[in-house]
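Participant: Handing you a structure now.
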Amino acid sequence: LKEKHKILHRLLQNSTSPVDL
Amino acid sequence: PESADLRALAKHLYESYLKSFPLTKAKARAILSGKNSDNAPFVIHDMRSLMEGEQFVNCRQIPTQEHRPVMGALHPPPDEAELRFLHSCQFRSAEAVSEVTEFAKSIPGFVNLDLNDQVTLLKYAMIEVLFIMMAALMNKDGTLISYGQIFMTREFLKSFRKPFGEMMEPKFEFSIKFNLLELDDSDMALFLSVIILSGDRPGLLNVKPVEDIQETLLRSLELQLKMNHPDSPQLFAKVLQKMTDLRQLVSDHVQSIQLLKQTEIDMCLHPLLQEIMRDLY
């Protein structure tokens with residue numbers, strides 16, 4: 001599931017730094 | 001002592017809600033009711049006003065009238081303006097997904113769940129949460145966009161070419177009914193948390209810890225509504241009922257998006273939204 005949802009996964013793992021959307 | 005804990009939970013979630021979301025319901029209602037007269041939104045009600053306002057869509061600060069560039073002969077054809085607007089809606093939605101994710105992480109216990117389950121919970125709750133938050137920005141005549149700086153009329157949205165013109169109407173109908181419950185931001189913070197921590201989402205690996213967190217959130221929501229709305233004893237039941245309507249609204253929306261992919265070959269969905277919608281229902 002994590003593999004299919006890489007961006008969502010990254011958002012979950014990143015604490016405060018803005019994620020490049 | 002238990003109710004003190006439940007109140008503390010409500011307070012914590014309200015605070016993180018305020019931190020996570022740039023436009024609260026309170027601010028949106030003030031703008032919609034015209035109480036913010038020095039901060040009236042730019043109104044988009046036809047193709048001309050769309051072309052005038054489109055460069056400010058998703059701007060956090062719209063330049064004042066005298067600083068806006070003059071619209072000249074370099075205008076895009078109306079069709080392109082419509083499509084570009086739909087694209088910027090997608091970018092705002094993707095940004096909202098990251099705001100909801102930050103909020104979810106602040107729900108006590110959420111980050112301790114299995115990472116796969118965190119993904120599942122967010123995937124299935126995301127559009128439901130976005131629609132609930134969108135209701136705060138809507139009234140029967142239209143909706144605020146761009147952090148409350150633009151008001152787009154319902155009639156104009158309806159006039160978009162098929163199938164886009166039909167896609168917003170069910171959201172307006174849902175929002176008008178939902179807004180009758182008159183939840184405020186502190187109620188919303190708890191309601192959104194309850195939606196996110198749903199133990200019946202397909203594919204959850206460990207259901208029990210999710211249900212345990214939701215149980216506490218539900219008790220906190222029940223107490224919150226009793227204290228905040230003493231004149232509406234049935235409010236808790238009515239709010240929970242909305243969760244069923246919401247699932248139907250989302251499943252219809254996902255179906256429309258899937259149809260769009262077949263008919264609108266130029267329409268490419270933002271990768272984050274693709275992740276969320278893939279195999280959703």
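Participant: For the range B:18-45, give me each residue that is closer than 15 Å to B:ALA136 by Cα, in contact (Cβ under 8 Å) with a residue 60 or more places away in the chain and not in a helix (DSSP H, G or I).
Facilitator: Result: B:PHE21, B:PRO22, B:LEU23, B:THR24.
Participant: Let me ask something else. So is B:PRO76 at pLDDT below 80 and surrounded by fewer than 16 Cβ atoms within 10 Å (Cβ to Cβ) or not?
Facilitator: Yes.
Participant: What number of residues within the range B:115-140 satisfy the criterion of being within 14 Å of another protein chain (Cβ to nearest Cβ) and not in a helix (DSSP H, G or I)?
Facilitator: The number of residues fulfilling the criteria is 0.
Participant: Filter the range B:241-270 for residues that are farther than 19 Å from B:PRO202 by Cβ and without any contact (Cβ under 8 Å) to a residue 40 or more places away in the chain and give the result.
Facilitator: The answer is B:GLN241, B:LYS261, B:GLN262, B:GLU264, B:ILE265, B:CYS268.
Participant: From B:GLU99, B:GLU66, which residue is part of a helix (DSSP H, G or I), loosely packed, with under 15 Cβ neighbours inside 10 Å and either more than 10 Å from every other protein chain (Cβ to nearest Cβ) or modelled with pLDDT of 95 or more (or both)?
Facilitator: Being part of a helix (DSSP H, G or I), loosely packed, with under 15 Cβ neighbours inside 10 Å and either more than 10 Å from every other protein chain (Cβ to nearest Cβ) or modelled with pLDDT of 95 or more (or both) holds for just one of B:GLU99, B:GLU66, which is B:GLU66.
Participant: Go through B:PHE151, B:PHE174 for me and flag whichever is touching a residue at least 40 places away in the same chain (Cβ under 8 Å) and over 19 Å from B:HIS253 (Cβ atoms).
Facilitator: Every option except B:PHE151 fails the conditions.
Participant: Of the conditions (1) of a type in the set (Lys, Arg); (2) within 14 Å of chain A (Cβ to nearest Cβ); (3) closer than 29 Å to B:LEU190 by Cβ, B:LYS238 clears all except one; give me its number.
Facilitator: (2)
The values are calculated or read from the model by the stated rules, or taken from the named source; none is laboratory data. Keep in mind that what you see is a predicted model, and the values were worked out from it rather than measured. Here Cβ is always computed from backbone atoms with ideal geometry, including for glycine, and neighbour counts include all displayed protein chains.
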